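Inspection log for the structure reproduced underneath, given as structure tokens.
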Amino acid sequence: MARPKVIVTRAWPEEAERRLTELFDATLNRDDRPMTVAELQQALRAADAVLPTVSDKVTAEVLSAEPLKARILGSFGVGFNHIDIAAAKARGLVVTNTPEVLTDCTADLAMTLLLMAARRAGEGERHVRTKSWTGWRPTHMMATKVTGKVLGVVGMGRIGRAVARRAHHGFGMKIVYHTVDPVPQDEIRALGATQCASVEDVLRQADFVSLHCPASPETYHLMNASRLGLMKRGAILINTARGDVVDDKALVEALKTGIIAGAGLDVYEREPLVADEFLAMENVVLLPHLGSATSETRVAMGLRVIDNLSAFFAGKAPPDRVA
């Protein structure tokens with residue numbers, strides 16, 4: 001019996017690629033070059049499954065490919081706003097993602113950004129690298145204490161709760177949060193966390209705000225000029241969620257004018273493009289979408305895609321189906 005044909009849009013970790021080729025007739029992207037619209041359409045015509053990443057824009061145009069052979073999109077990543085879900089459903093395509101396996105590493109990175117932004121670590125490293133440092137002195141690069149401060153979490157899903165645990169148990173931070181989905185109350189009690197009725201209530205109280213909400217029409221530019229203006233003047237914003245949850249122009253203005261003190265960003269509104277203004281600012285820490293970028297997590301993500309494919313082609317329900 002012929003094995004299902006699958007096409008991978010970007011290079012995966014070697015271990016995950018090896019397992020994929022053992023189970024399926026897999027075409028890999030050895031050059032790790034982004035696929036064009038035409039190439040994505042051809043993949044949909046040629047394969048039983050196409051495995052995109054969060055950087056592939058699987059739009060209605062891409063999904064209009066004829067004749068359509070693919071029956072499932074096994075996305076490598078937890079977010080799926082890069083896929084036009086309505087168009088996929090209209091074409092009869094199943095869509096899966098890779099939740100849970102990247103929770104800890106993304107939470108670790110959020111705390112990395114929080115600490116770096118609070119303690120001016122990026123600026124300090126540049127100070128050393130450019131040989132501008134002349135030695136210790138009492139007023140050099142004074143920053144913001146983290147321990148005991150208030151962390152506001154917007155979106156208390158798996159990653160939001162993982163960040164809250166690190167902040168509360170590791171740094172004695174008080175947790176306030178807003179979320180639209182139910183959360184395990186035993187975890188909330190263990191954190192001593194306070195639920196707020198609105199995002200605005202979180203922003204008014206927090207010394208640090210960490211975003212963990214999915215990208216959707218409802219969260220587009222959630223952090224706009226109005227909401228940034230509600231934050232404390234010494235507050236720091238952390239975004240490891242999705243770039244368009246924050247209005248980049250509004251954030252640039254807030255950082256330039258001192259409306260907030262700083263930011264730590266792993267994702268960007270026009271990713272991979274980063275606003276030139278951010279590049280010139282010392283009060284913002286910039287990372288290149290590294291939330292899940294550990295060997296352990298990226299392998300686990302690939303294996304999770306494979307689990308979904310295996311279930312689908314065995315006639316079972318994929319465990320991580322989102323459409």
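The values are calculated or read from the model by the stated rules, or taken from the named source; none is laboratory data. What you see is a predicted model; the values in this text were computed from it and never measured. Because the Cβ atoms are built from the backbone with ideal geometry, glycine has one as well, and the counts that use them run over all protein chains shown.
For the stretch 233-248, the criterion of a residue being touching a residue at least 24 places away in the same chain (Cβ under 8 Å), aliphatic (A, V, I, L, M) and part of a loop (DSSP other than H, G, I, E, B) is satisfied by at least one position. The stretch 1-69 holds strands (runs of 3 or more DSSP E) entirely within its bounds, and those carrying 3 or more residues that are aliphatic (A, V, I, L, M), in contact with a helix residue (DSSP H, G or I) (Cβ under 8 Å, 6 or more places away or on another chain) and surrounded by 19 or more Cβ atoms within 10 Å (Cβ to Cβ) map to 5-8, 49-51.
Kindly list the number of the only condition in (1) out of contact with any Phe, Trp or Tyr (no Cβ under 9 Å at 6 or more places or on another chain); (2) of a type in the set (D, E, K, R); (3) crowded, with 20+ Cβ neighbours inside 10 Å that fails for E253. Here E253 clears every test but (3).
Taking the criterion of being touching a helix residue (DSSP H, G or I) at 6+ places or on another chain (Cβ under 6 Å) and either crowded, with 16+ Cβ neighbours inside 10 Å or at pLDDT below 95 (or both), the residues of the stretch 105-142 that qualify are C105, T106, A107, A110, M111, M116, G122. Applying the selection to the stretch 115-140, what residues are in a loop (DSSP other than H, G, I, E, B) and without any contact (Cβ under 8 Å) to a residue 40 or more places away in the chain? Within the stretch 115-140, R119, T130, K131, S132, W133, T134, G135, W136, R137, P138, T139, H140 meet the criteria.
Against the list (1) buried (at least 19 other Cβ atoms within 10 Å of the Cβ); (2) in contact with a strand residue (DSSP E or B) (Cβ under 9 Å, 6 or more places away or on another chain), the condition A162 fails is (2).
Going by the structure shown, is N239 crowded, with 17+ Cβ neighbours inside 10 Å and either assigned by TED's automatic domain parsing to the domain that holds D56 or modelled with pLDDT of 95 or more (or both)?
For N239, the condition - crowded, with 17+ Cβ neighbours inside 10 Å and either assigned by TED's automatic domain parsing to the domain that holds D56 or modelled with pLDDT of 95 or more (or both) - is met.
Taken as a whole, the structure leaves A143 outside the set of residues that are part of a helix (DSSP H, G or I), assigned by TED's automatic domain parsing to the domain that holds M111 and under 26 Å from L251 (Cα atoms).
Among the candidates V267, V305, V299, V285, which residue alone is surrounded by 20 or more Cβ atoms within 10 Å (Cβ to Cβ), in contact (Cβ under 8 Å) with a residue 60 or more places away in the chain and over 19 Å from L151 (Cα atoms)?
Details: V267 fails: in contact (Cβ under 8 Å) with a residue 60 or more places away in the chain; V299 fails: surrounded by 20 or more Cβ atoms within 10 Å (Cβ to Cβ); V285 fails: over 19 Å from L151 (Cα atoms).
Unique residue meeting the criteria: V305.
Would you point out the residue of the stretch 56-108, among those that are out of contact with any Asp or Glu (no Cβ under 7 Å at 6 or more places or on another chain) and basic (K, R), that is nearest to M301 (Cα to Cα)? Explain how you work it out, then say what you get.
Initial filter on the stretch 56-108 (out of contact with any Asp or Glu (no Cβ under 7 Å at 6 or more places or on another chain)): 56-57, 61-62, 64-68, 72-81, 83-95, 100-108.
From what is left, the residues that are basic (K, R) are 57, 89, 91.
On the way: K57: 19, K89: 23, R91: 25 Å.
Checked the stretch 56-108; the qualifying residue nearest to M301 (Cα to Cα) is K57.
Looking across the stretch 70-92 at every residue that is more than 24 Å from the chain's Cα centre (by Cα) and in a loop (DSSP other than H, G, I, E, B), the one that is surrounded by the most Cβ atoms within 10 Å (Cβ to Cβ) is identified as A70.
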